[in-house]
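What follows is one structure encoded as structure tokens, with my remarks underneath.
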There are 2 protein chains.
Amino acid sequence: MNIRKIKFQPKKPDEISRLVAWESDYGQEVEQVVKDIIGSVRHMGDKALVDYTEKLDRHLVNDVKQLRVSQEQLVEAWESIGDEVRKALQLAKNRISEYAERQKITNWQLTEADGSIMGQKITPLDSVGLYVPGGQAAYPSSVLMNAIPAKVAGVSRLVMTSPAMDGELNQYVLAAAFLCEVDEYYTIGGAQAIAALAYGTESISPVDKIVGPGNIFVATAKRQVFGQVDIDMMAGPSEIAIIGDGSAPAKWAAADLFSQAEHDVNAQAILITTSEAYANEVVEAMRSMLNDMPRREIIEQSMTERGAVILVDDIEQAVAVVDLIAPEHLEILTENAMDIAQRVKHAGAIFVGPYSCEALGDYVAGPNHVLPTSGTARFSSPLGVYDFQKRSSLIYCTADKASELAKSAKRLAETEGLPAHALSAQLRIQFES
Amino acid sequence: MNIRKIKFQPKKPDEISRLVAWESDYGQEVEQVVKDIIGSVRHMGDKALVDYTEKLDRHLVNDVKQLRVSQEQLVEAWESIGDEVRKALQLAKNRISEYAERQKITNWQLTEADGSIMGQKITPLDSVGLYVPGGQAAYPSSVLMNAIPAKVAGVSRLVMTSPAMDGELNQYVLAAAFLCEVDEYYTIGGAQAIAALAYGTESISPVDKIVGPGNIFVATAKRQVFGQVDIDMMAGPSEIAIIGDGSAPAKWAAADLFSQAEHDVNAQAILITTSEAYANEVVEAMRSMLNDMPRREIIEQSMTERGAVILVDDIEQAVAVVDLIAPEHLEILTENAMDIAQRVKHAGAIFVGPYSCEALGDYVAGPNHVLPTSGTARFSSPLGVYDFQKRSSLIYCTADKASELAKSAKRLAETEGLPAHALSAQLRIQFES
């Protein structure tokens with residue numbers, strides 16, 4: 001396993017940019033396939049869903065009703081998964097919910113001296129669709145992380161879709177859906193599921209927003225229906241950057257890098273360190289641990305092709321490198337880790353100190369594990385309750401306030417060549433209408 | 001001017017959905033033109049900008065530097081526009097800023113009994129691009145509404161681009177850019193401006209987010225660069241819905257409907273009323289006012305093709321119709337307007353009572369005039385300071401907390417088939433590592 005080593009040169013930031021560059025252009029073919037699937041579902045409704053589910057998931061049914069997972073199936077799954085997993089899921093739910101409650105945005109009003117009010121009114125979305133991938137990437141934690149903030153926001157209809165290849169269901173995912181009180185659950189996958197959620201069919205009412213990860217067909221479909229409904233961010237491969245000063249065991253850093261690398265050959269794990277000796281220790285630890293890793297082939301490819309060790313002169317430079325990368329996950333395995341955390345500008349989630357590893361955040365710490373990937377932490381936030389709430393502005397003017405404001409509004413409408421705007425304002429000017 | 005009249009039937013909500021349906025599919029041709037322009041700017045940089053600006057804006061320069069508007073030009077514009085407009089812009093800025101300040105999202109931390117901390121850290125975006133259309137739709141108010149929340153958020157680099165057809169500049173737009181302390185201003189328009197903002201060229205550094213309205217080339221380009229940078233919502237035609245009970249002068253309602261209709265033949269203005277007499281009065285007022293409207297052709301086409309009067313039995317039904325439409329702007333020209341406002345779920349901005357007309361909100365009331373259009377108020381919010389801030393999660397676990405959480409994290413990682421996650425957690429379990 002060869003891991004590239006880079007000496008950071010502050011005057012050549014492009015070297016870091018090239019290292020983390022990722023472009024997800026799947027080309028015209030996927031776009032067209034997805035467009036056709038969406039078109040079929042819009043025009044043929046349930047029938048298209050049944051046909052695609054047979055063809056793509058090898059799951060034969062006569063009717064969309066048979067693709068609906070019943071509440072009894074969810075209860076059974078919950079009861080079947082064993083006490084230890086149930087407790088772990090329940091702990092995760094409690095902590096995710098508590099964090100989510102704190103995130104809620106709320107109404108406010110600015111009341112002016114004359115009684116005029118400018119305010120903001122918050123409403124939950126009516127309905128949300130949650131896509132959960134099938135097969136190996138069917139993660140119960142993904143159900144919790146997407147469903148809980150929607151429910152805390154007050155979304156009254158949460159619809160989950162997940163493909164059941166050959167009709168097979170993942171009991172952990174069903175149990176998580178039970179725990180999160182998902183309202184409807186269909187075993188439909190791919191672009192056809194996204195189309196059904198966005199436009200509705202005879203059996204499935206449309207939703208207002210679609211969240212959750214998926215393969216390139218799902219991601220492309222989400223992009224295509226954006227505008228008809230809202231979507232969450234477009235996820236790229238997962239990344240971790242670790243700042244190490246040598247104070248945490250090399251084995252810990254190695255395991256944490258592996259926990260990212262095992263996701264996917266495109267996942268990216270980067271160690272940023274002030275100590276060349278520590279860099280060598282961590283690489284050595286990775287080499288000695290690799291053979292015991294069940295997913296070693298994925299890890300090796302990911303670490304070789306996309307991993308890196310970046311040597312920096314000091315913590316100042318380490319923070320500069322982090323801000324260039326804007327990593328999805330940042331671990332600060334150093335002394336005075338909280339001070340360093342405060343200096344970082346761009347990262348999705350910041351794990352502070354040697355005990356706070358990403359795996360805790362992936363499952364149970366509380367903050368959401370749906371995070372901006374591929375440098376989009378420059379401008380995006382973790383998924384949160386606020387993604388399932390929306391704001392309306394409130395504008396209440398007294399007669400006097402309206403009269404005062406209308407004079408300026410009228411003048412500005414004139415500069416913009418909008419005379420009906422000017423007239424509408426003018427009518428509110430006292431003694432002049 | 002014929003305006004359709006609809007009697008609302010609660011069991012046939014589709015009639016309302018059809019009335020407001022809007023699909024913005026510009027087809028493959030625009031997509032391809034835009035893709036080519038973006039490709040050229042990415043590969044040819046400044047040279048492509050100069051070429052497109054000559055070809056598309058008939059504005060010939062030798063160098064992108066000549067497309068940069070100087071601070072002196074901004075100062076001159078500010079000084080040239082006259083005292084009255086300057087005061088109106090300053091009033092608008094003060095009120096928009098005050099409202100924006102109240103919107104800021106802030107850091108918080110949940111500290112647990114053992115000292116573990118789960119928190120949220122807020123950072124402004126580093127750089128934002130603001131697109132301002134040229135020609136007739138060059139609105140100084142648009143500069144204020146987009147630039148002020150970015151500046152209040154703390155964005156340190158705000159780059160404005162706006163085409164100068166034949167090299168001509170709008171002095172009001174320049175003055176607004178001066179007032180809002182725009183940091184860089186280029187007279188570049190169209191998809192080429194969006195490409196330059198998203199990817200950068202030799203002379204223009206890229207930004208993290210692009211906001212502002214534009215024609216279909218601009219809108220398509222924004223959609224294509226989404227992911228590389230963030231974008232604001234995709235704006236459709238503008239709409240207003242007015243709830244009237246007959247208590248406000250018919251002429252006021254008529255002028256307010258016109259103020260929407262004059263924007264664009266696709267703009268939509270709808271009166272919802274409990275009183276057929278009032279409906280007739282408002283329509284009559286519109287007929288008698290139409291000839292005095294400088295933009296009467298646009299108004300007439302908009303009102304005839306997309307306008308409507310919807311008769312409802314009571315206020316309950318009026319609110320139901322509003323929630324079906326999810327209008328960008330809602331005026332409540334009734335008694336007890338604030339009570340009704342509280343019952344509405346879906347609207348971008350709610351103007352409460354007869355004095356609070358949309359034109360005040362378009363310019364000076366304070367809340368943002370960039371609002372979700374075409375029914376997207378079901379899931380979107382007005383533009384605000386929060387659009388220029390982002391969140392990072394903070395996770396700090398003590399050794400004891402990590403040990404406790406790691407047991408559940410490990411168990412869940414095992415259910416998901418992610419052994420390196422399990423190992424990373426396991427290493428934090430005390431007495432077991």
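A few remarks follow.
- With Rh defined as the Kirkwood radius, the inverse of the mean 1/r over Cα pairs, the Rg/Rh of the protein assembly as shown is 0.98.
- Segment B:211-271-segment A:162-224 distance, computed between alpha-carbon centres (Å): 32 Å
- Expected 222 nm ellipticity per residue - DSSP helices of 4 or more, -39500 (n - 2.57), all of the protein assembly as shown, to 500: -14000 deg cm²/dmol
- Qualifying chymotrypsin sites (Phe, Trp or Tyr not before Pro) for segment A:1-39 [loop in DSSP, other Cβ within 10 Å: at most 11]: none
- Within chain B, DSSP assigns beta bridges of which about 25% are antiparallel (rounded to the nearest 5).
- The Cα-based radius of gyration and maximum Cα-Cα distance (Dmax) for segment B:83-173 are 18.6, 67 Å.
- A Förster distance of 22 Å, applied to the separation of the beta-carbon atoms of A:ASP51 and A:MET165, puts the FRET efficiency at 0.85.
- When you restrict to C-alpha pairs under 8 Å that are six or more residues apart and normalise by the size of chain B, the relative contact order lands at 20 percent.
- For segment B:1-140: rounded, prolate or oblate by the Cα gyration tensor [a/c cutoff 1.5]: rounded
- Kirkwood Rh and Cα Rg combined as Rg over Rh, evaluated for chain A: 1.05
- Listed pairs A:LYS93/A:LYS151; A:LYS104/B:LYS121; A:LYS7/A:LYS251; B:LYS209/B:LYS390; A:LYS209/A:LYS390 exceeding 18 Å between Cα atoms: A:LYS7/A:LYS251
- Euclidean distance between Cα centres, segment A:30-71 to segment B:1-52, Å: 28 Å
- Share of pairwise Cα separations in segment B:95-239, more than 21 Å, in percent: 47 percent
- Two-decimal Rg to Rh for segment A:203-279 - Kirkwood Rh, Cα set: 1.22
- Under the combined filter of DSSP loop state and at most 15 neighbouring Cβ atoms within 10 Å, segment B:136-198 retains none of its chymotrypsin sites (Phe, Trp or Tyr not before Pro).
- When the GluC sites (Glu not before Pro) in segment B:350-433 are filtered for DSSP coil states and for at most 16 other beta-carbon atoms within 10 Å of their beta-carbon, the remaining sites are B:GLU432.
- Distance between segment B:280-311 and segment B:370-389 - C-alpha centres, whole angstrom: 28 Å
- Using a cutoff of 8 angstrom between alpha carbon atoms and counting only pairs six or more residues apart, the relative contact order for segment B:27-231 works out to 29 percent.
All of the numbers you see were taken from the coordinates with simple rules; none came from a lab. Computed from a predicted structure; not experimentally measured. Glycine gets a Cβ as well: all are built from the backbone with ideal geometry, and neighbour counts include every protein chain shown.
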